[in-house]
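Asks: Pasting in a structure now, in structure tokens, and then I'll have a few things to ask.
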Amino acid sequence: MNSFPWLTLLLIIPAAAAVVVAAVPRRLGTLAKQVTLAVTLVEFVLALLATIAYEPAKAGFQFSQKYSWIKQFGISYSVGADGISLVLILLATLLVPIVVLASWDEVDAASPDGAPVAGRRSVPAFFALLLALEAGMVGVFAATDVFLFYVFFEAMLIPMYFLIGSYGPVKEQAQRSYAAVKFLLYSLFGGLLMLAAVIGLYVVSSDQLGTGTFDFATLRQLDITPGVQKLLFLGFFIAFAIKAPLFPFHTWLPDAGAQSPTGGAILLVGVLDKVGTFGLIRYCIPLFPDASSYFAPVVLALAVIGIFYGALLAIGQRDMKRLVAYTSLAHFGFIAMGTFALTSQAGTGAVLYMVNHGLSTGLLFLVVGFLVARRGSRDVGAYRGMAQVTPVLAGVFLIAGLSSLALPGLNSFVSEFLVLAGTFTRYRALAIVATAGIVLAAIYILYLYQRTMTGPVVSEDARGVLDLSVREKIVVAPVVALIIALGIYPKPLIDIVRPTVTATFEDAGHTDPTPTAPVNASQAGGHS
Amino acid sequence: MSATASAIAAPQVLAQGAQGTIDVPAIQYSALSPILIVFGVALAGVLVDAFAPARARRGIQPLLAAAGFVAAFVAVVLLHARRQVLAAGALAIDGPALFLEGAILLFALLAVLLVAERRLDSSGGAIVASAAITPGSPGATAQRSSAAVQTEAYPLMAFSVAGMLLFVSSNTLLIMFVALEILSLPLYLLAGLARRRRLLSQEAAMKYFLLGAFSSAFFIYGLAFIYGYAGSVSLGRIADAAGTVGANDTYLYLGVALLGIGLFFKVGAAPFHSWTPDVYQGSPTPITAFMAAGTKVAAFGALLRLFYVAFGGLRWDWRPIVWIIAILTMVVGAVLALTQRDIKRMLAYSAIAHAGFLLTGLAAANSDGLSGSLFYLVAYGFTTIATFALVTLVRTADGEASDLSQWQGLGRRSPLLAGIFAFLLLALAGIPLTSGFTGKFAVFEAAIAGDATPLVVVALVTSAIAAFFYVRVIVLMFFQEPGADGPIIVTRPTLTYAAVGIGAVVTLLLGVAPQPLLDLAGTAATSGFVR
């Protein structure tokens, strides 16, 4: 049962480092940064090694560990990785060092007009919060005990809350505390509904098995009556729909996205929100298969509404961070659609989409963050013709944008294609309608690029803006490389993800629809 | 003539009694030792206050009280396996009683630390001397700057603790009533002893006394009805009587309702909560901490015993009422807390909301509900004492900075203190990895298992509302600039720091590794109440 503790190590290292970094005196900010960077890099290497050690062909969880935690309620510390959680852990551990490097000067920098920054908290605390967040992210994906999952799900909110509230835009004190509180309360509310469902699940398990348990593998064997399934499903679903977020639970996202520091926004939208979509595929579908089929049309409808609603609002935004947040709403629509189409192809696409969206949106937030750091404004109107002044930045921006609108050859195309193709096999009309969302994506991205990067330079003082520094180039390079590499050769990722997704749907009794047109085996692709 | 007649009559009565056999109740003093020790300490405290010189009193009293509570706690630990009915059925020593006695003694010990703190206020301690001086009178001006210290608070606290110990182990309604009075009367006095803001404090004492007396009257009226119904005040006999089909059910239901009102008042459940904010705000903060933890534990102990032992057979009758009261209490506590500007009033409403969460454990009406409630009480007590202790630390020149706006920017001035306070608030909000979450989980799990799912959903929604006002304080402390006349933090109040530290560490421990205490509560609950 207990093998080499990859996941526990991945969990402990950032948690311990968070404590250490938090204890670093305020004046030694640079030391805190260096320690954090080193730790997060080690963490990433470790996650990479774990991925290499992972055997995709083997069924079930790997690297499992289980120790009893609270015996009275059958709660254990149990972690394990399958294809889905592994790639998300990899994504999280990849993004954190990038965020650390990207936020190097953000916390202690003076505001752009040179005024001293009042009300900021210490540099070590910022990096300690990032590390705590990383531990939470690893934990939430690695947990195979529903209670443990819930604990990480909620505990993760606290560092993010402080990241937004304490380290958001300097001058917008009222807005950032509003955004922080809104974020926390939305998530807490969803979390509490999930808690009710978690306890309900426990009571069902103790009714059926004699002793209650939170063990995920045991819980999915339960035979829950349809009525109860629907209620429990809703408890989990609403929590995840708020977290992801799906329309109409999304209103906190633009606020939180705009008021986060750049690093916070990347992790928030890139990874934290994935906990919602991850929860849908990991918990909702396997635990409540009947309810999932029952509610699938509702979820799909919300997903498609989200795709269009998010895109339309993104087109109308002038605040660049809010714009990126709204594009994510559209992307989460695609992910939810892929998940609830309940075909292995669409499901694989959805998981891949989670990773790709983390990369492309992460890069978009990075570039926007770089722009804001240079000009001190998130408003589109403060930029025009920046491509002349900062050609490298503009180039990176373009790549991020093209990835976000799923240009063939870049990473997101693969996942979007899989989602749409997989959905098409079951819900043709829906897939056709959703495809129109891609056109809107092209509009919001290209329109943003056009307004900020092309044309004559906005003003004389904008000519003095510097292009990307060496540090910033190092920050964006790995993401750009991955966006291109995964666009051309996504196979390694698909190989890890697909067996798990297929098994998830098969265990839940959702078989892929048989193709209506005869295909020969070599072209069958995801139609297993 | 008539005097002679009565003189003659009296021996006759005695003689009649003497002719029959008098059962001398076998009192096992060892099993009573925790209660006896605390009573002894209280009496000794009175003597010390009367005869020891003023300077010596300040040292002796807190030590005496603390030593007494420690000794009583040790006695509780030694007694842990006892399950028996004592003193002719008047007292029950059983799992829940011993568990709660232990909790009360620990909370009393922490409260002594807070009361004994003399470094916080420039004139020495939170307790005023000569509390009877009318605010606004010439004497009050002198009182404001006087550094006089009196030590009657310690014996009063000890009496109150003794009453609490008696309350949770009383096995007849009469003893329960006596205990209720013993625990309450000293608290009425203590509420009026705040050194600062005398008018508020006296108002609190007055309100607490009047409403408390009123609720005691309800209790004793209910007692009379129950006696009329069952012919006995013993909880066991009442249960037997309630189990039979009788014609006088009206008396029974009236009695249950009136006794319930008396106890719901003490736990601060809506609609009997209105004293809580005023008393919490006006009392000296160390006493508030003591009341918030100790009284809640004692009153819930009595409530659980009354409803499980005496009226256990009637649970289908009282459960709907407890549901309604629990829902009302949670909603009133959470919603009204949103509108508060004073930190102590806000915490008072939070205490009301927590009483509501605890009532879901009672509404579960099963063994898990009992053990969950026991755990919750301990977890909540430690957190709440630490919270109020921290409130005493944040001060302006004019006493505690009770207005929320004065807490603005505390995170910048003293990050550690604000961090601990934020942690405690998150625990009260029930965030995982704190004791508050484990407690809520235990209670809600029992309630769902006991078919009270709708109640749990309401509890979770109100938890979300409650989270808002806890989080609002965190926003104030961390995300806003300190005001020009921000609070002063007094340096090195060792005793208060110790209380805060202990409370915070226990809050964390019970969140991360709750198993030992859950086991203890589970053992206490499964062995059940003796009758």
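Here, each number is a calculation from the coordinates, and none is a lab measurement. Note that the coordinates shown come from a computational prediction; the quantities given were computed from them, not determined experimentally. Don't worry about glycine lacking a Cβ; one is built from the backbone with ideal geometry, like all the others, and counts go over all protein chains shown.
Asks: Please give me, ordered by residue number, the trypsin sites (Lys or Arg not before Pro) of the stretch A:301-346 that lie in loop per DSSP and have at most 15 other Cβ atoms within 10 Å. Walk me through the numbers before you get to the answer.
Replies: Values: sites: A:R318, A:K321, A:R322; in loops: A:R318.
Answer in residue order: A:R318.
Asks: Between the helical axis of B:315-338 and the dominant principal axis of chain B, each derived from Cα atoms, what acute angle in degrees is found, rounded to the nearest 10?
Replies: Here the helix axis deviates by roughly 20 degrees.
Asks: Here is a further query. Go ahead and estimate [θ] at 222 nm for chain B from helices alone: -39,500 (n - 2.57) per DSSP H run with n ≥ 4, summed, over the residue count, rounded to 500. If you can, show how the numbers build up before the last one.
Replies: Working: 22 runs with 383 residues, N = 531.
My calculation for chain B gives -24500 deg cm²/dmol from helical runs alone.
Asks: Let me ask something additional. From the phi of every residue in the stretch B:451-456, what ³J(HN,Hα) in whole Hz does the Karplus formula 6.51 cos²θ - 1.76 cosθ + 1.60 yield, where θ is phi - 60° and glycine or proline is x?
Replies: Rounded to whole hertz, the list is 6, 10, 4, x, 4, 5.
Asks: After finding the eigenvalues of the alpha carbon gyration tensor for the protein assembly as shown, what semi-axes result from the square roots of 5 times each, listed largest first in whole Å? Don't jump to the answer; show the numbers that get you there.
Replies: Numbers: eigenvalues 703, 242, 99 Å².
One finds semi-axes of 59, 35, 22 Å for the protein assembly as shown.
Asks: If you don't mind, another one. Let me make sure I get this right: for the stretch A:299-514, a, b and c are the square roots of the gyration tensor eigenvalues over alpha carbons, sorted descending. Under 1.5 in a/c it's rounded, otherwise prolate if a/b > b/c, else oblate. Which is it? Let's see the in-between values first.
Replies: Working: a/c = 2.98, a/b = 1.89, b/c = 1.58.
Verdict is prolate for the stretch A:299-514.
Asks: Which distance in Å, rounded to a whole number, links the C-alpha centroids of the stretch A:313-382 and the stretch A:181-235?
Replies: Between the Cα centres of the stretch A:313-382 and the stretch A:181-235 lies a distance of 30 Å.
Asks: Pop out the Kirkwood hydrodynamic radius of the stretch A:267-412 from its pairwise C-alpha distances, inverse of mean 1/r, in Å to one decimal. Walk me through the intermediate numbers first.
Replies: Values: mean 1/r = 0.0618 Å⁻¹.
Across the stretch A:267-412, the inverse of the average 1/r is 16.2 Å.
Asks: Can I ask one more? When a/c is below 1.5 the answer is rounded, else prolate if a/b is larger than b/c, else oblate, so apply that to chain B with a ≥ b ≥ c taken from the square roots of the Cα gyration tensor eigenvalues.
Replies: Judged from the Cα gyration tensor, chain B comes out oblate (a/c at least 1.5, b/c at or above a/b).
Asks: By how many degrees, 0 to 90 and rounded to 10, does the Cα axis of helix A:123-142 deviate from the longest principal axis of chain A?
Replies: 20
Asks: On average, how much area does the Cα convex hull of chain A cover when viewed from any direction, in nm²? List each step's numbers first, then the result.
Replies: Numbers: hull surface 92.1 nm².
Taking the Cα atoms of chain A, their convex hull projects to 23.0 nm² on average.
Asks: Find how many whole Å separate the alpha carbon centroid of the stretch B:338-407 from the alpha carbon centroid of the stretch A:11-78.
Replies: A separation of 34 Å, based on Cα centres.
Asks: Cross-link partners among aspartates and glutamates for B:K440, C-alpha distance below 20 Å, same-chain residues fewer than 8 apart left out?
Replies: Partners found: A:D145, A:E154, B:D368, B:D451, B:D519.
Asks: Something else now. To the nearest 10 degrees, how steep is helix A:391-404 against the longest Cα principal axis of chain A, on a 0 to 90 scale?
Replies: 20
Asks: With runs of 4+ DSSP H residues as the only contributors, calculate the mean residue ellipticity of chain A at 222 nm using -39,500 (n - 2.57) per run, divided by the residue total and rounded to the nearest 500. Please report the intermediate quantities before stating the final value.
Replies: Working: 21 runs with 358 residues, N = 528.
After summing the helix terms and dividing by residue count, I get -22500 deg cm²/dmol.
Asks: What residues qualify as long-range amide H neighbours of A:S78, i.e. H under 5 Å apart, gap of 5 or more or another chain, H built at 1.01 Å from N?
Replies: Placed amide hydrogens put A:Y67, A:T144, A:D145 under 5 Å from A:S78.
Asks: Taking Cα centroids, how far is the stretch B:240-305 from the stretch B:424-448 in Å?
Replies: After rounding, the separation between the Cα centres reads 23 Å.
Asks: Considering every residue in A:192-205, what mean count of other chain Cβ atoms within 10 Å of its Cβ is obtained? Could you put the intermediate results ahead of the total?
Replies: Working: counts 11, 4, 1, 9, 8, 0, 3, 11, 5, 0, 4, 8, 1, 0.
Average neighbour count from other chains, rounded to a whole number: 5.
Asks: Can you tell me the FRET efficiency between A:V228 and B:A56 if r is taken as the Cβ-Cβ distance and R0 is 51 Å, rounded to the nearest 0.05? Can you show the working numbers first?
Replies: Values: r = 67 Å, r/R0 = 1.32.
Efficiency at R0 = 51 Å is approximately 0.15.
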